[in-house]
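Asks: Here's a structure for you.
Bear in mind these aren't lab numbers, they're just calculated from the coordinates by the rules spelled out. Remember, predicted model here, so these are calculated numbers, not experimental data. FYI the Cβ positions are ideal-geometry reconstructions off the backbone, even for glycines, and counts take in every protein chain you see.
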Amino acid sequence: MSARWIPFDVSLALTDPFAQFAQWFEEASRELREPEAVSVITSDASGQPSARMVLLRERTDSSFGWFTNYDSRKGHDLVENPQAGILWYVEPLGRQVRIEGVVARMSPEESDAYFASRPRGHQIGAHASGQSEVISSRAALERRVRDVEERYEGGTVPRPAHWGGFRLTPRYFEFWQHREDRLHDRVIYRPEGEGGWLLERLMP
Ligand SMILES: Cc1cc2nc3c(=O)[nH]c(=O)nc-3n(C[C@H](O)[C@H](O)[C@H](O)COP(=O)(O)O)c2cc1C
């Protein structure tokens with residue numbers, strides 16, 4: 001058996017899925033350049049799903065957060081349907097984690113604090129880009145950037161109201177571990193009782 005594929009089982013899993021994720025995240029951080037990169041899956045009111053990568057900027061013991069444009073496709077989806085999925089793959093360790101839950105916006109104060117920590121170029125971009133809208137050309141986009149730079153020249157760039165954080169509160173986790181014999185390990189967590197979680201094994 002390859003040393004990079006470590007067997008996983010209900011008996012080995014931590015009882016708290018956030019702690020389990022933190023452990024896998026720490027192990028992934030030694031293998032990946034950008035372990036924060038995850039796919040976020042949303043769907044609109046018609047049920048049409050869509051997926052895209054984001055960077056997990058916040059991991060707490062009860063939620064996962066990222067920042068984006070509230071007027072983007074995912075932003076509109078999350079207004080129509082505040083349920084979403086997160087998918088994470090760690091190829092060197094043969095691991096996949098699937099998380100499902102309910103999404104809410106972070107508070108304006110939380111988004112302000114994170115926005116203020118971003119490099120100025122990112123702040124300008126957040127104003128200039130109408131994320132997920134059609135634009136005629138790259139030159140037109142660059143003109144918008146120059147306009148924003150002129151507007152805030154010499155001053156701080158405030159957070160645009162259309163930009164901020166989302167936070168997903170999970171109600172389902174699946175930790176998947178590759179096994180060489182293809183009988184991959186799958187451990188799921190579902191809420192049980194007061195703040196507890198039920199752990200079960202799924203067949204591969
Ligand atoms: C590795 C990676 C990380 C990304 N991180 C973010 C992010 O944190 N926030 C964001 O809005 N877009 C991020 N993007 C861009 C999104 O994948 C996507 O193109 C954009 O958010 C528009 O998505 P939407 O039209 O589905 O709303 C990232 C893309 C990649 C490849």
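Asks: Based on the alpha-carbon gyration tensor of segment 123-183 and its eigenvalue square roots a ≥ b ≥ c, which shape applies: rounded if a/c is under 1.5, prolate if not and a/b is larger than b/c, or oblate?
Replies: Prolate is the answer for segment 123-183, as a/c is 1.5 or above and a/b outweighs b/c.
Asks: What is the Cα coordinate range of the chain on the first, second and third principal axes, sorted by size from largest, in whole angstrom?
Replies: 59, 37, 31
Asks: Return a whole-number percent for the relative contact order of segment 34-91, with Cα pairs under 8 Å and 6 or more residues apart as the contact set.
Replies: Relative contact order here is 43 percent.
Asks: Which one, VAL102, ALA139, HIS127, is farthest towards the positive end of the dipole of the chain when Lys and Arg carry +1 and Asp and Glu -1 on their Cβ?
Replies: ALA139
Asks: For segment 89-142, list log₁₀ I(q)/I(0) at each q in 0.12, 0.16, 0.19, 0.20 Å⁻¹, using the Debye formula over Cα point scatterers of equal strength and ignoring solvent, two decimals each.
Replies: -0.58, -0.85, -0.90, -0.90
Asks: Using the beta-carbon distance between LEU32 and TYR172 and R0 = 22 Å, what value does 1/(1 + (r/R0)^6) give for FRET efficiency, to the nearest 0.05?
Replies: It comes to 0.40.
Asks: So what is the 222 nm mean residue ellipticity for the chain from helices alone, if each DSSP H run of at least 4 adds -39500 (n - 2.57) and you divide by all residues, rounding to the nearest 500 deg cm²/dmol?
Replies: Taken over the chain, the calculation gives -8000 deg cm²/dmol.
Asks: Let me know the Rg and Dmax you get for segment 22-110 when you use only its Cα atoms, in Å.
Replies: 13.6, 40
Asks: Here is a further query. Determine Rg/Rh for segment 99-204; Rg is computed over alpha-carbon atoms and Rh is the Kirkwood hydrodynamic estimate from the same atoms.
Replies: Taking Rg over the Kirkwood Rh, I get 1.21.
Asks: For the chain, what is the charge dipole size about the Cα centre, in debye to the nearest 20, if Lys and Arg each add +1 at the Cβ and Asp and Glu each add -1 at the Cβ?
Replies: Magnitude of the dipole: close to 480 debye.
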